[in-house]
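The structure under discussion appears below in the form of structure tokens.
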Amino acid sequence: MENSKLIALVSGAIKGIGRAISMKLIQEGFFVVLVDLDDISGKAMEAELHGQAIFYKCNIAEEPEVKKLFETVLNQYKQVDLLVNNAGIIKDNMIWNMPATDFDQVINVNLKGTWLMCKEVAVIMKQQNKGRIVNIASRAWLGNKGQSNYSASKAGIVGLTRVLALELGKYNVSVNAIAPGLIDTPLTQSLKKEVLDQLIQAQPGKNIGQPQDIANAVAFLGSYKTQFITGQTLYVDGGKSIGANMS
Ligand code: NAI
């Protein structure tokens, strides 16, 4: 296939923030490869997007699946211009109540999965001598009670982003992270109402962000106008990282 469009690949693309990112990138003129776990919703989203996107089922935590994904995409589209590592999960608990298996699962999806995707795309982007990677971290990497597994995984993503900016810089690949704060998605909608209310009250603006807030930031960092910005973590959190609970 001859591409007139730039090709973007988005993980965790069928819900919440990933869905908003995918829609925004289509608006910006990308053809989007939607990557997620659920075949039925994925194919439905592909159909809804009428040839502007394609769905591939892939568990980003499984190396053989990730390798197969990139092999297929490269065969079909010959290039990957932008990778957005958005897929992520939570399994919250105070450390004394957290089974080690919950630590492993969160690290495996959020950090190892992101690393596996970056590893495969690095080879392609190095060869192309161009590319953009945007990793979705979280403001929680700064620390959140009950999220020792999640915060550690997202802190790992910030470190990974900085290293890849150094390793890929001379190949014209920029690598940045976005640290969302509280965003209204199925993930946060699954929290108990009183927990969600407390989180909203802790925001400087007593508010919750929308998936589009993150999608807009991804479109900026993923565009080819931002070559000189690399290795950075951009907070999109309504100011929570500045100082929560201060007034
Ligand atoms: P969500 O739970 O609404 O959607 C996540 C998507 O990722 C789902 O479609 C899910 O099927 C997919 N996914 C999960 N594990 C996967 C795997 N192993 N392989 C492929 N796909 C997988 O989550 P939400 O809220 O949209 O979050 C997206 C990202 O933003 C996550 O990395 C999350 O940690 C991060 N984030 C979210 C915040 C929020 O307030 N919602 C705040 C800060 C960061």
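The values are calculated or read from the model by the stated rules, or taken from the named source; none is laboratory data. Since this is a predicted model, take the numbers as computed values, not measurements. Note: ideal-geometry Cβ built from the backbone for every residue, glycine included; neighbour counts use all protein chains shown. The area values use the complete protein model at the heavy-atom level, side chains included, leaving out ligands, DNA and RNA. Shrake-Rupley method; radii C 1.70, N 1.55, O 1.52, S 1.80 Å.
Where does the chain land at 222 nm, in deg cm²/dmol rounded to the nearest 500, when only DSSP H runs of n ≥ 4 count, each adding -39500 (n - 2.57), divided by all residues? Mind showing how you got there, number by number?
Numbers: 9 runs with 104 residues, N = 247.
The per-residue figure over the chain is -13000 deg cm²/dmol.
Magnitude of the Cβ-charge dipole of the chain, K/R +1 and D/E -1, about the Cα centre, nearest 20 debye?
On the way: 25 positive and 22 negative charges, 118 e Å.
For the chain, the charge dipole is close to 560 debye.
Using the structure shown, select from Lys5/Lys130; Lys43/Lys240; Lys15/Lys225 the pairs with a Cα to Cα distance greater than 25 angstrom.
Working: Lys5/Lys130 15 Å; Lys43/Lys240 36 Å; Lys15/Lys225 28 Å.
Distance filter (> 25 Å) returns Lys43/Lys240; Lys15/Lys225.
Using square roots of five times the C-alpha gyration tensor eigenvalues, list the equivalent-ellipsoid semi-axes of the chain in whole Å, biggest first. Display every interim value, and only then the final one.
Values: eigenvalues 163, 72, 68 Å².
Semi-axis lengths for the chain are 29, 19, 18 Å.
Test of understanding: in a Gaussian network model of the chain with alpha carbons linked when under 10 Å, which of Glu46, Glu63, Glu28 would top the mean-square fluctuation ranking?
Maximum fluctuation in the GNM of the chain, among the listed residues, is at Glu28.
What ³J(HN,Hα) values, in whole Hz, does the Karplus curve 6.51 cos²θ - 1.76 cosθ + 1.60 give for the stretch 217-224 when θ = phi - 60°, with x put for Gly and Pro?
5, 5, 4, 5, 6, x, 7, 8
Hey, if you put +1 on the Cβ of every Lys and Arg and -1 on every Asp and Glu Cβ in the stretch 6-236, which of Leu111, Ile133, Ala100 ends up farthest toward the positive end of that dipole?
Ile133
How about the stretch 168-247: which trypsin sites (Lys or Arg not before Pro) there lie in a loop by DSSP and see at most 11 other Cβ atoms within 10 Å? Spell out each step's value before the answer.
Working: sites: Lys170, Lys192, Lys193, Lys206, Lys225, Lys240; in loops: Lys192, Lys206, Lys225, Lys240.
Here the sparse-neighbourhood loop sites are Lys192, Lys206, Lys225.
Take the chain, connect every pair of alpha-carbon atoms lying under 10 Å apart with a spring to form a Gaussian network, then pick out the residue of Ser223, Ser153, Ser174 with the largest mean-square fluctuation.
Ser223
In whole Hz, with x marking every Gly and Pro, tabulate ³J(HN,Hα) for the stretch 44-53 from phi via Karplus 6.51 cos²θ - 1.76 cosθ + 1.60, θ = phi - 60°.
In residue order, the calculated couplings are 5, 5, 4, 5, 4, 9, 6, x, 9, 7 Hz.
Which residue fluctuates most in the GNM of the chain (Cα springs below 10 Å): Ile208, Ile178, Ile133?
Looking only at Ile208, Ile178, Ile133, the biggest GNM fluctuation is shown by Ile208.
Hey, any idea what % of the chain's accessible area is carbon plus sulfur with a 1.4 Å probe? Please report the intermediate quantities before stating the final value.
Values: 6660 of 12070 Å².
Roughly 55 percent, rounded to a whole number.
Would you mind checking which residues have amide H under 5 Å from Leu234's amide H? H placed 1.01 Å from N; only 5 or more apart, or other chain.
Residues meeting the amide H criterion: Ala177, Ile178, Ala179.
Taking the Cα centre of the chain as the origin and placing charges on Cβ (Lys, Arg +1; Asp, Glu -1), which of Ser174, His50, Ile40 is farthest toward the positive end of the dipole?
Ser174
What is the stretch 16-75's relative contact order, in percent, from Cα pairs under 8 angstrom and six or more apart in sequence?
Working: 56 pairs, mean separation 15.6, N = 60.
Relative contact order here is 26 percent.
With contacts defined as alpha carbon pairs under 8 Å and 6 or more residues apart, what's the relative contact order of the chain in percent?
Values: 482 pairs, mean separation 48.4, N = 247.
Result for the chain is 20 percent.
In the stretch 140-247, which chymotrypsin sites (Phe, Trp or Tyr not before Pro) fall in coil by DSSP and have 14 or fewer other Cβ atoms within 10 Å?
Working: sites: Trp141, Tyr150, Tyr171, Phe220, Tyr224, Phe228, Tyr235; in loops: Tyr224, Phe228.
Hits after loop and neighbour filter: Tyr224, Phe228.
List the residues whose amide H sits under 5 Å from the amide H of Lys240, counting only those 5 or more places along or on another chain, with H placed 1.01 Å from N in the peptide plane.
Sorted by chain and number, the residues that satisfy this come to none at all.
What ³J(HN,Hα) values, in whole Hz, does the Karplus curve 6.51 cos²θ - 1.76 cosθ + 1.60 give for the stretch 111-117 when θ = phi - 60°, with x put for Gly and Pro?
9, 5, x, 5, 5, 4, 5
Taking amide hydrogens as modeled 1.01 Å from N in the peptide plane, which residues meet the under 5 Å criterion relative to Leu6, leaving out close sequence neighbours?
The answer is Phe31.
For Ile200, tell me the accessible area in Å² from a 1.4 Å probe, rounded to the nearest 10.
30 Å²
When the Cα centres of the stretch 78-112 and the stretch 167-239 are compared, how far apart do they sit, in Å?
When both Cα centres are located, 16 Å separates them.
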